[in-house]
Amino acid sequence: MPFWTYLLHCADRSFYVGHTDDLESRIGQHEAGSIAGYTQSRLPVKLVWSQSFGTRIEALEAERQTKG
């Protein structure tokens, strides 16, 4: 099962980085505003980058590196 790190561009021109094991579903949740938190008040969001990884640990490390 692949894990994903992804980058969203928000309506306020900020970016959000996350990781998931179901990219399509997670992006849909962000777009619908059903995930409480950062992106919910910054809709609409657009997926601008994603990369798959073999393990959750690799995806989480990529998220951390992207966030800096």
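The figures follow:
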item	result
Only listed residue being surrounded by 12 or more Cβ atoms within 10 Å (Cβ to Cβ), modelled with pLDDT of 95 or more and charged (D, E, K, R), chosen from Arg13, Arg26	Arg26
Single condition Thr5 does not satisfy, out of (1) closer than 20 Å to Lys67 by Cα; (2) surrounded by fewer than 17 Cβ atoms within 10 Å (Cβ to Cβ)	(2)
When residues of region 26-56 are limited to those that are assigned to a helix (DSSP H, G or I) and under 13 Å from Phe3 (Cβ atoms), the one farthest from the chain's Cα centre (by Cα)	Arg56
Count - residues of region 33-47 that are surrounded by 12 or more Cβ atoms within 10 Å (Cβ to Cβ) and out of contact with any Ser or Thr (no Cβ under 6 Å at 6 or more places or on another chain)	10
Evaluation of Ser50 against (1) surrounded by fewer than 14 Cβ atoms within 10 Å (Cβ to Cβ); (2) touching a strand residue (DSSP E or B) at 6+ places or on another chain (Cβ under 7 Å) (one fails), failing number	(1)
Meets criteria (part of a helix (DSSP H, G or I) and among the aliphatic types (A, V, I, L, M)) for Ala59	yes
Every residue from region 15-25 that is under 11 Å from Thr5 (Cα atoms) and not in a helix (DSSP H, G or I)	Tyr16, Val17, Gly18, His19, Thr20, Asp21, Asp22
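The values are calculated or read from the model by the stated rules, or taken from the named source; none is laboratory data. What you see is a predicted model, and the numbers here were worked out from it, not measured in a lab. FYI the Cβ positions are ideal-geometry reconstructions off the backbone, even for glycines, and counts take in every protein chain you see.
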